[in-house]
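The values are calculated or read from the model by the stated rules, or taken from the named source; none is laboratory data. Computed from a prediction, not measured in an experiment: that's the story for all the values here. Ideal geometry is used to build each Cβ from the backbone, glycine not excepted, and the neighbour counts take in all protein chains shown. Ligands, DNA and RNA are excluded from the accessible area calculation, which covers all protein heavy atoms including side chains. Shrake-Rupley method; radii C 1.70, N 1.55, O 1.52, S 1.80 Å.
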Amino acid sequence: MPILTRWPGPHRFWRDPVGVLCTRLAVVVAAYSALRLAFLLAHRGIFADIAATELLQAFVHGVRFDLSAIAYTNVPFILLSLAPSAWLARRGYQWLLRGLFVVGNGVALLLMVADIGYYPFTGTRLTADVFALAGDATAQADQLFVNFAGLTVLGVATLAALLLFYPAAAVERTPPAGVSVPPRWRRLASALAVITLSVLAARGGVQKKPINPIHAFGGRSHEAGVLTLNSVFTILQSPRGRALEPVTYFASEATVDSLPPVGEGFRAPRAASEADTARPDNGVVPVLESFGSEFWGGDAREHPELTPFLDSLRTQGTFYRESFANGRRSMDALPSMLLGLPLYRGQSLASSRYQGNQWIGAGHFLRDAGYHTAFFHGAPRGTMYFDAIAALAGIEDFYPMERFPEAVQDSAFDGHWGLFDEEALQFAVRQVGTFREPWFATMFTISTHHPFQRPSRYADSLPTGSRPIHASVAYTDLAVRRFFEVARTQPWFAHTLFIITADHTPPSRASRYDTPLGRYMVPTLLLHPGGALPPLDAARVVQHVDLFPSILDFAGVHPARVPRFGHSLFAPHPGEAVLTTDETYWIVRRDAVLERTPDGRERTFAYERERTGATEARLPAARRAEQSQRLLAYVQHYTMSLITNSFYREPGRGIGASQ
């Protein structure tokens, strides 16, 4: 007989059915926290270096994810618990509720118990693809129960506790004497309140977008993020990102291991000196929304009058004309730049089941080197998951629209996405001056995003071009001009590296850009007002993942564990870019472009900036084979490193290397 059989008693069903429901759900919340503690104790070696305060924060913050999982898995139980009191007071109905409670939550808790044993094999929380192993697990059930006897006992004990502490109640078909039954309108209002709160719990709060596993790692160590999550939540969220199928283009990993990691491509950009050591340079990466090469830097531009200031900057730094984004969306650009993670197989990190992998971003490395890091985005928190991606990358200080001055929020809101670029950049350029040096800041604009708003005060003073986006392009050029006008007056200006690029291209009507390669062509400019850059090869092919090692290289940070994608722009390399659309791949080099279609067919053609396929290229057989194998090696390493949670490796060691 359950320990709480006679409590809360029949009067509670008649007087406060919502209170009974909350009491029962509180038991589940406590069970989730208890299993989080069991997870911590079972893997205490992993968390040995985590401060007690951070562990406590993981438990507190974890309740948010627990409530989300509980809200989803208890939908039938919650709705049926809101039935009229006369139904709730029936014995058969209470048995139905109890069955739903024990079965639904019992399965959820057993999955959490299983993850305690499964986690060491993957380094990530359970995802939905674990059910693909159900057949194997069933066949091996006897040895699993024996070899994981401790977890078997824990699972049985968990189910027993769920039964024992379930707040059951005696039933009574009519209200007890002296018990006043709430009026119907109050019961309806209570039911609506419960449903509303359940929806909020499921989505994790009132923020713009529902939480997903990526939010568990914001501002925390990877280990603390893992502890914050629960397995039920990660399973429920994982169907949004399909599992990658393993690829084995090579019987051995020798070719994959031969890929030169970025760590061996680092070169100090300046000669070391006492002055350099005393004051490392700052870094700013303005990322211009939807600013393709057809607007800035491309050949035969339709409206060169749109970007007079940005064009003037080209002569003051190193401008890379052969520059490519690694994705077509804003949330794909940031992982490339800040984590060294390209987009190869449609797996955007923000919605991928691999977001719970271990990620070591530019912010982590720079912070260890003494840098303060920040990210400015004049849109509401949660937009395109920038806050979560920045947190994964180790960025310390995230500035969404809500952190901008209220006066700016009131006067500069564009009515759609967020703050106009001019006001947003003005705040950012002044705010970085308050940071301790050295610092690194990313600034993401929004005004060139559809519906292409710009302040009405510029309606007659800026060029408008021939398409709606053109007016916004001209406005963003002005906003960047105003940004530099202020920056030049700051004491940090002369010792700061500026890397200006775009997140992706816009839909294009220009035939020379509406091509497989043209759809990825974005400008990239390196500018150092103090003239501290070494000679750079402006003709090399550049891609977004090159910015990750370039930022670290310029800061003098040469980490021991690095991603295998991208090459520092400060190191000698001819450059290459790997692009993909719907499983068709291109590896772009100046001498030729190799294309591989999903059915495995390959062809090579001469590299022409805005056109593909115009001129077939006849490479020597050995050269073509090398280019083909290199492309396949990239795809295999990308795929297997995500599946096995081994994205970061020591220089010179690939997937097949022993760890």
**OP:** Out of the residues in the range 23-75 that are in a helix (DSSP H, G or I) and of a type in the set (S, T, N, Q), state the one that is surrounded by the most Cβ atoms within 10 Å (Cβ to Cβ).
**Re:** SER68
**OP:** Examine the range 500-509 for a residue that is open to solvent by 10 Å² or more (accessible area, probe 1.4 Å), touching a Pro at 6+ places or on another chain (Cβ under 8 Å), touching a residue at least 12 places away in the same chain (Cβ under 8 Å) and not in a strand (DSSP E or B), and state whether such a residue exists.
**Re:** no
**OP:** Out of GLN453, GLN409, GLN426, report the one residue that is within 25 Å of GLY205 (Cα to Cα) and open to solvent by 20 Å² or more (accessible area, probe 1.4 Å).
**Re:** GLN409
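Matching residues to (1) in a loop (DSSP other than H, G, I, E, B); (2) surrounded by fewer than 18 Cβ atoms within 10 Å (Cβ to Cβ):
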| position | (1), (2) |
| --- | --- |
| GLU422 | no, no |
| VAL432 | no, no |
| ARG436 | yes, yes |
| SER447 | yes, no |
| ALA479 | no, no |
| ARG482 | no, yes |
Subject >> Subset of the range 76-89 that is of a type outside the set (A, V, I, L, M, F, W, C) and part of a loop (DSSP other than H, G, I, E, B) - its residue that is surrounded by the most Cβ atoms within 10 Å (Cβ to Cβ) >> reply: SER81
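Within the range 291-301, is even one residue acidic (Asp, Glu), farther than 19 Å from ASP503 by Cα and open to solvent by 10 Å² or more (accessible area, probe 1.4 Å)? Let's see the steps before the verdict.
First pass over the range 291-301, keeping only residues acidic (Asp, Glu): 294, 299.
Those still in the list that are farther than 19 Å from ASP503 by Cα too: 299.
From what is left, the residues that are open to solvent by 10 Å² or more (accessible area, probe 1.4 Å) are 299.
Yes, the range 291-301 has at least one match.
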